[in-house]
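Trainee: Below are the structure tokens for one structure; questions will follow.
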């Protein structure tokens, strides 16, 4: 069992604590697939090696030369632990967390980015339960919900979700669109169309320190 840090935005930290988020998608470690020359199989899916459980990708070149690339998820394997880095500060000598205060209260403090959170400030530990690789746009409605998007189902209007890119709540066809706005709010408009390979990391809460 290994422990690794993972960055989470304030809305996603709240979704974890509320039991709405049990998945996260990350591109780290898969970007190289877009830059390998002569590939004709980028729409083929990576597969799990039967012997050791590692993820692999079969690359086909122009001369039909086949090579197998092992893909190592930088966020670990099932059973490993992720310690969450979130926006934080020091309040009266104690660690304080942006996810625990309202917007009005937050104005009273100077917050530090999650990337600078030391491990001793971590309060949320997650256990990895599953890892797989897939295209970003292959996400399903159920997986979009498991990503923790904020939405409601109205009897009259149907699905109404938070628009993370432009703010507010909008009538959307499916949770899929809610996740799309979340992705673009983090990675920029147009990033969804690039449809990159992503690691899908599923997890469960192991510990939340008081």
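Trainee: Can you tell me how many residues in segment 189-204 are within 21 Å of residue 74 (Cβ to Cβ), surrounded by 15 or more Cβ atoms within 10 Å (Cβ to Cβ) and touching a residue at least 40 places away in the same chain (Cβ under 8 Å)?
Mentor: 8
Trainee: Could I ask something else about it? Do we have any residue at all in segment 148-158 that's touching a strand residue (DSSP E or B) at 6+ places or on another chain (Cβ under 7 Å) and modelled with pLDDT of 90 or more?
Mentor: yes
Trainee: Out of 175, 196, which single residue is closer than 30 Å to residue 1 by Cα and modelled with pLDDT under 90?
Mentor: One residue alone meets the criteria, 196.
Trainee: Further question: Does at least one position in segment 111-120 carry a residue that is out of contact with any strand residue (DSSP E or B) (no Cβ under 7 Å at 6 or more places or on another chain), closer than 15 Å to residue 13 by Cα and modelled with pLDDT under 95?
Mentor: No, segment 111-120 contains no residue that is out of contact with any strand residue (DSSP E or B) (no Cβ under 7 Å at 6 or more places or on another chain), closer than 15 Å to residue 13 by Cα and modelled with pLDDT under 95.
Trainee: Inspect segment 78-90 for any residue being surrounded by fewer than 12 Cβ atoms within 10 Å (Cβ to Cβ), farther than 30 Å from residue 174 by Cα, in contact (Cβ under 8 Å) with a residue 40 or more places away in the chain and in contact with a strand residue (DSSP E or B) (Cβ under 7 Å, 6 or more places away or on another chain) and give the result as yes or no.
Mentor: yes
Trainee: Then there is this: Test residue 207 against the criterion of being part of a strand (DSSP E or B) and at pLDDT 90 or above, and give yes or no.
Mentor: yes
Trainee: When residue 47 is evaluated against the numbered criteria (1) over 19 Å from the mean Cα position of the chain (by Cα); (2) at pLDDT 70 or above, which criterion, by number, is the only one it fails?
Mentor: Of the numbered conditions (1) over 19 Å from the mean Cα position of the chain (by Cα); (2) at pLDDT 70 or above, the odd one out for residue 47 is (2).
The values are calculated or read from the model by the stated rules, or taken from the named source; none is laboratory data. Because the structure is a prediction, the values reported are computed rather than measured. As a convention, Cβ positions derive from the backbone with ideal geometry for all residues, glycine included, and neighbour counts pool all protein chains shown.
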